[in-house]
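Chemist: Dropping a structure here in structure tokens format, bear with me for questions.
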Amino acid sequence: MSNEAEAAVRRYLAYLDDPSSVVDQDLVRAAEEAFEAASDPLAKLHAAADLERARAADPSGIEDEFVRHAKAYSAAEDIPAEAFAAVGVPGDVLERAGLAGARPRRSGGRRSSSGPRAPQVPVSQIKAAVSQLPKRFTLAQVAERAGGGSPATVRKAVEELIIEGRVTSLGPKPDHSGPGRAPTLYEQV
């Protein structure tokens, strides 16, 4: 397996776990400094635009790289599409990557997979639920407060809040002691 394919898969999965990981913090700091230093009104306007662009890094390139390499990585490492779905890769991204069938298509009736499906909750409701949480929270707490929502939708809502500057990612929860890796801890600004 090529290092390029592994790096593409790793970077996309890291992005799903922590959307702020695609934001170049050095670029944000430089844009903040330029904004603070600008005295001319138009220069300040342009600096503000640069700052917004720096804070709102576009993850589409990361997703495109994942799509380009995921099928080969899946085959080489013997990883089923369902495993990608289990770690939060959206079904449409899996389909674009040629890993269709990761989630059973339903035609009415009962689901073929085990376990209940999270109720559909709009991003706006999930974002509103964040304001009702303690200052520091995890994605699981957001979903619980919002009354459901798929992991991908909850992540998307929190990512939007990060881009809006209302939430920051603090990294892995330091006091995690259960099985698996520590959830990401977020903080309201």
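Only the coordinates and a few stated rules stand behind these numbers; no lab work does. Keep in mind that what you see is a predicted model, and the values were worked out from it rather than measured. We place every Cβ from the backbone using ideal geometry, glycine too, and count neighbours over all the protein chains shown.
Chemist: Modelled label-to-label distance, His46 and Arg29, 7 Å Cα→beta-carbon offset: nm?
Modeler: Calculated label separation equals 2.4 nm.
Chemist: Let me ask something else about it. Just grab the label-to-label distance for Gln120 and Arg68, each label 7 Å out from Cα along the Cβ direction, in nm (one decimal).
Modeler: 3.4 nm
Chemist: Follow-up. In terms of modelled amide H atoms, which long-range or inter-chain residues lie less than 5 Å from the amide H of Leu185?
Modeler: Those qualifying (amide H under 5 Å, at least 5 residues apart or on another chain) are Leu170, Gly171, Lys173.
Chemist: Distance from the Cα centre of the range 152-189 to that of the range 29-86, in angstrom?
Modeler: Measuring centre to centre over Cα atoms gives 17 Å.
Chemist: Among [x] 13.5; [y] 12.7; [z] 14.8, find the value of mean projected area of the Cα convex hull in nm² that was calculated from the structure presented, and write down its label.
Modeler: The calculated read-out lines up with [x].
Chemist: Another question, then. Mind checking which lysines have their C-alpha under 27 Å from Lys71, skipping anything on the same chain fewer than 8 residues away?
Modeler: Lys156
Chemist: Kindly write out, for the range 4-18 in residue order, the coupling ³J(HN,Hα) from the Karplus curve 6.51 cos²θ - 1.76 cosθ + 1.60 (θ = phi - 60°), rounded to whole Hz, with x marking Gly and Pro.
Modeler: Values per residue, Gly and Pro as x: 5, 5, 4, 5, 5, 5, 4, 5, 5, 5, 5, 4, 4, 6, 8 Hz.
Chemist: Next up: Residue separation times 0.36 nm, minus the C-alpha to C-alpha distance between Leu13 and Ala128: what's the value?
Modeler: The span from Leu13 to Ala128 would gain 38.8 nm if fully extended.
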